[in-house]
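The values are calculated or read from the model by the stated rules, or taken from the named source; none is laboratory data. In this text the structure is predicted, and so the values were computed from the model without any measurement. Here Cβ is always computed from backbone atoms with ideal geometry, including for glycine, and neighbour counts include all displayed protein chains.
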Amino acid sequence: MCNPLTTTALAAPHTAPRARAVADRGPLALLITLLLLFIWSAALPVSASARPDETVFFEAPGDLIQVSPQARAKALEQLQWLGVKALRVELAWRDVAPNPTSARMPSFDATDPASYAWGNYDALLAEAQRLKWPVLLTVTAPVPKWATAAKKDYLTYPNARDFKAFMTAVGRHYGSEVSLYAIWNEPNHPAFLLPQFLPDGKPASPRVYRSLFAAGYEGLQTSGIPRPKVLMGETAPFGSDSITRQEAKTNSLHDVAPLAFLREALCLNSQYHASGTCEELHPYGYSHHAYTVGSPTYKPEGRDNVTIGVLPRLSSALDKAAKAHAIPAHLPIYLTEFGIQSYPNRQLGVPQSKQAQYDALAEHIAWSNPRVAAFSQYLLHDDKLGGKPGSSVHGGFIGFQTGLEEYDGKRKALYYGFPVPLVVSHRHGGGYSLWGLVRPATAQTKLAVLAESSRGHHWRVLRALTTKTDGSWSFDSSTSALAWRVRWQSPTGHVYEGPPIAVS
Amino acid sequence: MLVLVLTVVVPSGASADVGTTIEERCVNHQSLTGFTLVDYRRALQEMEASSNQYSECFKLISNAELAAATGAGAGAGPGAAVAAGPGVSAITPTPAESRAVQQAAHSSPAALDLGGHVVLPGVVHVNIASAASKLPASLLAMLAFLLTGGTVATGRSVKSRIARSRQR
């Protein structure tokens, strides 16, 4: 049916002045429309775009390295069920080197792989190759005593020349089995590299690390890999830019803040301007451990600290470093170690139901950030509860409760949530946005999203849908619920049912 | 017998847990004020390795300890009465701050020093330059574009009206 007013307006010549007036307002109307479009687009939630290129590394040293072949096989079977498709392995130099506890370096060809006892690492990497899982190999401390400056411990001033020779052996031995290398685990943390600070309180570890990175890179080149893919960083999330002289004298437990570490390692001042004559490094990417405290949306106070909730701090730092020609531009970020601490960790842990929710939320943050090339899960089984301060530095350990199972093997909610992560968030303007992933999927697959009625104890199918080819899915819903969960049946008939997830 | 067992099992008192309380408040992003220097030191000494090195808590509790030691308001002095007991973060205003608040309520708008900030009662303290600097660049560009466009459109409109009135 025609609108009579419109018909009249188009037909009647006497309406021309009004039409002209409207035409006069044209630019203004266009501008207002543009502004409204801009505001509308700004108000949209972050797009859950598909990230088929994002790798998720799983790391489980307690289940995969120092274990019997049977235990390793069982753990790998579990990982397959969970949908794992890539591994991160930390190779400790001391574990494979000859006479590592001796202060005197033995006489041997340090570049020859036959000089080392690769042991369980060989077995694990062979399994990964059989499963066609890419491996990120992080070569790290502890180091042989003979490879340190004072030859008194396994962490202080590792010798870069010795490290280069070791990396040549690593490259020759694992060249075809490793997809990606990284130099050092958490080099800004006193449990992995010493000293962290000089007696005057300024950071010491970044420059030590820079020489190790350069030496490791050259070592891989010497092994016959002309352009090795090596990640730089692997930094822990929290620390200090500097400490007092008194702290430097009495306490060796302080980390260097990750962005202060980045600047110092790249010879940049606090304004990210070159502060020396260092040459540009050529890492394949920058790796970081974006652990949070509680929720993934937590923003740490220290501006040089980087958790999953403040990843733009790292992107910005990398861009500034690239502008100063310290590293290549647009370096991708690899989140190579991550997990949400849960109970029974009394201090940093969240309830186990929250762990599943927060872990999925963290993965969604990583997934939605185009700069992030990899995410990760650290631990299948929890460690024992951690020790007192200093335990990690003095031969003890820091217990992590980021696993999918407790130390005694009891499964947490995350065990069921990891294969089918789910995030439910409030939508601007009402309703909910749901995002998820069917991790074991290798092609498009069908799943059901269930919602628990407001009265509770009654679950109904909210929507049956098909994932994208990478296993991800998303939709908006106006239906309120107490909680949501995912149900998926694999092509082989296994039924996966995630834990109830509350709105984030 | 039961009483005896309970006596042995139950911790000796709240003071034994104050370090844990401070640590828990820190990892839960709650205020750390209202404890004594001794409490902060205990929290730092008792802190578990994972909290120490995978959170900002060592730094934050050290800062609270420092503030308490220097009387900067984050805590009470060593051995002094805790403002509201462990786990409660209320800070009692200093006498000078109390006087300033009283004065602000009843006097003419003279400049007052409240917590280190000079405040003029009755004046809205808005830093427009700071607010604008926090807007996204794209929005600022759009606003500038709109302003220019609006000026041009208004100019055209005025011009055409003048032209029309001249024609009449």
**Message:** hydroxyl-bearing (Ser, Thr, Tyr) and farther than 16 Å from residue A:501 by Cα: is that true of residue A:453 in this structure?
**Reply:** no
**Prompt:** Looking only at region A:264-278, which residues are part of a helix (DSSP H, G or I) and over 12 Å from residue A:233 (Cβ atoms)?
**Reply:** A:264
**Message:** It is to be established whether one or more residues within region A:168-181 are closer than 15 Å to residue A:236 by Cα and either part of a strand (DSSP E or B) or in contact with a Pro (Cβ under 8 Å, 6 or more places away or on another chain) (or both).
**Reply:** no
**Message:** Going by what's in this entry, would residue A:287 be described as touching a residue at least 24 places away in the same chain (Cβ under 8 Å) and either within 14 Å of another protein chain (Cβ to nearest Cβ) or touching a His at 6+ places or on another chain (Cβ under 6 Å) (or both)?
**Reply:** no
**Asked** Assuming residue A:113 fulfils every condition listed in (1) touching a helix residue (DSSP H, G or I) at 6+ places or on another chain (Cβ under 8 Å); (2) closer than 24 Å to residue A:153 by Cβ apart from one, which condition is it?
**Response** (2)
**In region A:352-392, the residues that are modelled with pLDDT under 85 and either buried (at least 20 other Cβ atoms within 10 Å of the Cβ) or away from chain B (no Cβ under 14 Å) (or both)** = A:386, A:389, A:392
**Fill in**
Subset of region A:123-144, residues in contact with a helix residue (DSSP H, G or I) (Cβ under 8 Å, 6 or more places away or on another chain) and either hydrophobic (A, V, I, L, M, F, W, C) or in a helix (DSSP H, G or I) (or both), comes to A:123, A:124, A:125, A:127, A:131, A:135, A:137, A:139, A:141, A:143
**Residue list for region A:310-337, filter: buried (at least 20 other Cβ atoms within 10 Å of the Cβ) and out of contact with any strand residue (DSSP E or B) (no Cβ under 8 Å at 6 or more places or on another chain)** = A:317
**Item:** Matching residues in region A:97-122 - criterion: being in a helix (DSSP H, G or I) and closer than 16 Å to residue A:68 by Cα
**Value:** A:119, A:120, A:121, A:122
**Fill in**
Over region A:187-204, the set of residues closer than 14 Å to residue A:141 by Cα and more than 14 Å from every other protein chain (Cβ to nearest Cβ) is A:195
**Prompt:** So how many residues does region A:72-96 have that are closer than 20 Å to residue A:173 by Cα, out of contact with any Ser or Thr (no Cβ under 9 Å at 6 or more places or on another chain) and assigned to a helix (DSSP H, G or I)?
**Reply:** 2
**Item:** The one condition in (1) under 30 Å from residue A:378 (Cβ atoms); (2) touching a strand residue (DSSP E or B) at 6+ places or on another chain (Cβ under 8 Å); (3) surrounded by fewer than 23 Cβ atoms within 10 Å (Cβ to Cβ) that residue A:227 fails to fulfil
**Value:** (2)
**Request:** Would you point out which residue out of A:429, A:417, A:436, A:409 is touching a residue at least 40 places away in the same chain (Cβ under 8 Å), surrounded by fewer than 22 Cβ atoms within 10 Å (Cβ to Cβ) and more than 14 Å from every other protein chain (Cβ to nearest Cβ)?
**Result:** A:429
**Message:** Suppose the filter is within 20 Å of residue A:414 (Cα to Cα), touching a Pro at 6+ places or on another chain (Cβ under 6 Å) and of a type in the set (A, V, I, L, M, F, W, C); does residue A:340 pass it?
**Reply:** no
**Prompt:** If you go through region A:182-230, how many residues are among the acidic types (Asp, Glu) and in contact with a helix residue (DSSP H, G or I) (Cβ under 8 Å, 6 or more places away or on another chain)?
**Reply:** 2
**Message:** Consider region B:20-55. How many of its residues are within 12 Å of chain A (Cβ to nearest Cβ) and touching a residue at least 12 places away in the same chain (Cβ under 8 Å)?
**Reply:** 17
**Request:** Considering only region A:221-244, state which residues are within 14 Å of chain B (Cβ to nearest Cβ) and among the hydroxyl-bearing types (Ser, Thr, Tyr).
**Result:** A:235, A:240, A:242, A:244
**Prompt:** Just wondering, is there one or more residues in region A:473-487 that are surrounded by fewer than 18 Cβ atoms within 10 Å (Cβ to Cβ), in a loop (DSSP other than H, G, I, E, B) and either among the basic types (Lys, Arg) or under 25 Å from the mean Cα position of the chain (by Cα) (or both)?
**Reply:** no
**Prompt:** Is region A:343-351 home to any residue that is in contact with a Ser or Thr (Cβ under 8 Å, 6 or more places away or on another chain), of a type outside the set (A, V, I, L, M), surrounded by 19 or more Cβ atoms within 10 Å (Cβ to Cβ) and modelled with pLDDT of 95 or more?
**Reply:** no
**Prompt:** Within region A:164-180, is even one residue touching a helix residue (DSSP H, G or I) at 6+ places or on another chain (Cβ under 8 Å), charged (D, E, K, R) and either closer than 21 Å to residue A:377 by Cα or surrounded by fewer than 22 Cβ atoms within 10 Å (Cβ to Cβ) (or both)?
**Reply:** yes
**Item:** Sole exception among (1) in a loop (DSSP other than H, G, I, E, B); (2) among the β-branched types (Val, Ile, Thr); (3) modelled with pLDDT of 95 or more for residue A:424, by number
**Value:** (1)
**Request:** Quick one: which residue in A:264, A:280, A:218, A:247 is touching a residue at least 24 places away in the same chain (Cβ under 8 Å) and within 14 Å of chain B (Cβ to nearest Cβ)?
**Result:** A:247
**Complete:** Scanning region A:223-252 for residues that are in contact with a Pro (Cβ under 8 Å, 6 or more places away or on another chain) and not in a loop (DSSP other than H, G, I, E, B) gives A:230, A:231, A:232, A:233, A:234, A:235, A:245, A:248, A:249
